[in-house]
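Have a look at the structure below before the remarks.
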């Protein structure tokens, strides 16, 4: 299968920098702001003199820099997808004394991979599609949370949870699903099924007239205006995601 090389380069590569032989993730550990990792294939280039003999098969990247966080994201991708990668050395031990620092990481991906064919990293964006929140590291299989890193130094990855969001059909005060929005129950985070924004309900129920409903992916106008005990909706804040639900988007190199 034809392979495409996905590359994230922390700095301009010098001609003398030769990538190590491609292999899979053999070891991956985060300790503070430093990531330690090794490959199933041995290094094919001499390590710099600062590297201790017992660490000869190890590399490091730093979570304190944007390039380091991006490379860590690629490492997690390589581990999750069992993908081979190669490493270009920075030829120093700047991240951690005695350990060789990685300057760039290349994932070797098949042509059918969305990472290979459309870009490099998966970005997390607010509902407007333009405000970038951070870089997706992985999705927690148990909770569905998005685990990500952003531009702020952190010893642990950050999370975006969707568990407290209720997707709902919406009643509207006017025809064609326009006007004031209502739902039939109280909730702190309500997402209409036809838009990415989040709303909260008023504390008390009211008796309102509605003229249309968005339900089952279509808007239905009510022939004779309906009435009922409903909760009025207003926009609410969703943390890092702003006033809506975050979305994923491939970031092109």
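The angle between the Cα long axis of helix 66-81 and the longest principal axis of the Cα atoms of the chain comes to about 90 degrees, rounded to the nearest 10. Among 225, 67, 104, the largest mean-square fluctuation in a Gaussian network model of the chain, built with springs joining Cα atoms closer than 10 Å, belongs to 225.
Quotient of the Cα radius of gyration of the range 166-237 and 2.2 N^0.38 Å, N being its number of residues: 0.99.
Between residue 240 and residue 94, the simple spin-label model (points 7 angstrom out along Cα→Cβ) gives 2.6 nm.
Relative contact order, whole percent, for the chain stands at 17, derived from Cα pairs under 8 Å and 6 or more residues apart. With the chain treated as a Gaussian network of Cα nodes joined by springs under 10 Å, which of 52, 69, 101 yields the largest mean-square fluctuation? In the Gaussian network model the winner is 52.
The GNM of the chain, with springs linking C-alpha atoms under 10 angstrom apart, assigns the highest mean-square fluctuation among 209, 30, 88 to 209.
Beyond 26 Å, the tail of the calculated P(r) for the chain holds 52 percent of the Cα pairs. With viscosity set to 1.002 mPa s and temperature to 20 °C, compute the Stokes-Einstein D of the range 117-227, Rh being the Kirkwood radius across alpha carbon pairs; µm²/s, no decimals. Approximately 129 µm²/s, per Stokes-Einstein. The modelled label-to-label distance for the pair residue 180/residue 247, using points 7 Å beyond Cα in the direction of Cβ, is 2.9 nm.
Any read-out appearing in this document is the output of simple, stated calculations on the displayed coordinates, not a laboratory observation. Bear in mind the structure is a predicted one, so any value in this text is a computation, not a measurement. As a convention, Cβ positions derive from the backbone with ideal geometry for all residues, glycine included, and neighbour counts pool all protein chains shown.
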